[in-house]
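Here's the structure, in structure tokens; my notes come after.
Nothing in this text is a laboratory measurement; each read-out follows from the coordinates by a stated rule. Just so you know, these numbers come straight off a predicted model, no measurement behind them. Cβ placement follows ideal geometry from the backbone for every residue including glycine, while neighbour counts extend to all protein chains displayed.
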Amino acid sequence: MKVDQLEGVTFGSVVTDVSLESLSASEWNELYELWIDRALLIFPQAHLTAEGQDDFAQRFGTLEFSRAPISNIGKDGKVHYENSDEVVKSLRGNEGWHHDSTYMPLQAKGAVFSAEIIPSSGAATGWADMRAAYEDLDDEARAHVSTLRAYHSLYYSQGRSGYLPDKKNDDGTYGLYGYHNMEVSLRPLVKVHPVTGKPNLIIGRHAHDIVGMEKDHSQKFLDELNDWACQPPRTYHHDWEVGDAVVWDNRRLQHRGTPFDMTEPRRMWHTRIAGDPSSELAINHQIDAIPSDNVERHPTGTWAC
Ligand SMILES: [Fe+2]
């Protein structure tokens, strides 16, 4: 196994000369330690099979959901590109920095993500290191953010971007993944990573309405913090090649999609690893209160991030 650290970035490693579908025990141990340390592992030309991707993801923990497409190719097989299209709206929302599933009762632990069909240009995926961001704040700011809590909601993030789905159910809900009608998840702005014990920011596009802060002030505060946090040397963008795969630590990193010409087809595969209730549960949720049927496939064929 060959490991090269990303240069000029606070996180991330490129791993080659390893077969993710036939790891030895020692290779797995080395990979896991590296993942905890570097938070993003990139495997060029891994060419994971469908089963192999989920099996690899399951080494990190139970799955929030198994391998699913993040794609502008709809269930109908057609390429979706109109801005008003439901598939496109979901994808465009992903272009804002975020941690996956902070709007759910249980924030995701991480994800395995791979490229099957890529457009001729654009469509890089970016990650941003929220541990480095926390550490780079001055003492006063670190102390301040450590006292704050914010709500996380997909209704909020998609609504603010103008990407809410058009069709509602009769009861006003959408019945889509992440658009649940449970209490909106409340999370501290600073999370202590359950393995490293090191604190990092949990912010991004789903975060809103800091408790005890006036609405406009909260929005401005979160926007400025996020804009500052997601800057070099704390960011890295990966230009995909067909067959590349990555795994990231969603407890520490934010990520985002970037634009591409949506008249061209793109199909990525995403396997989401569930957070641990002892460390990823929202303040105001209890694990036994989460209905097991709240995980529904997105009818457009793509997924909320
Ligand atoms: Fe995402």
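Brief remarks on what is shown
- Top of 55, 37, 170 by mean-square fluctuation, Gaussian network on the chain, Cα under 10 Å: 170
- Residue pairs, from the table 109/198; 191/220; 167/191, whose Cα atoms sit over 25 Å apart: 167/191
- Size descriptors for the range 1-116: radius of gyration and Dmax over Cα atoms are 16.3, 49 Å.
- In a DSSP loop and with at most 16 other Cβ atoms within 10 Å, the chymotrypsin sites (Phe, Trp or Tyr not before Pro) in the range 65-139 are 81.
- Stokes-Einstein D for the chain, Kirkwood Rh over Cα pairs, 20 °C, 1.002 mPa s (µm²/s): 109
- Charge-dipole axis of the range 14-115 as Lys and Arg at +1 and Asp and Glu at -1 on Cβ define it, positive-most pick from 113, 97, 45: 97
- Farthest toward positive dipole pole in the chain [+1 Lys/Arg, -1 Asp/Glu at C-beta], among 236, 8, 260: 260
- When you filter the trypsin sites (Lys or Arg not before Pro) in the range 125-167 for DSSP loop state and at most 12 other Cβ atoms inside 10 Å of their Cβ, you are left with 167.
- The range 71-89 and the range 183-199: distance between their alpha carbon centers, rounded to Å: 34
- Under the shape rule built on the C-alpha gyration tensor, where the axes satisfy a ≥ b ≥ c, the range 90-236 is oblate, since a/c reaches at least 1.5 while a/b does not exceed b/c.
- Formal net charge of residues neighbouring residue 156 (Cβ-Cβ distance under 12 Å; K, R +1; D, E -1): +2
- Shape class of the range 104-189 from the alpha-carbon gyration tensor: oblate, with a/c at 1.5 or above and b/c at least as large as a/b.
- Between 186, 253, 23, the residue with the greatest mean-square fluctuation in the GNM of the chain (Cα pairs under 10 Å linked by springs) is 23.
- Cα gyration tensor category, rounded, prolate or oblate, for the range 169-269 with a/c compared to 1.5: oblate
- With contributions of -39500 (n - 2.57) from each DSSP H run of at least four residues, the per-residue ellipticity at 222 nm computed over the chain stands at -6500 deg cm²/dmol.
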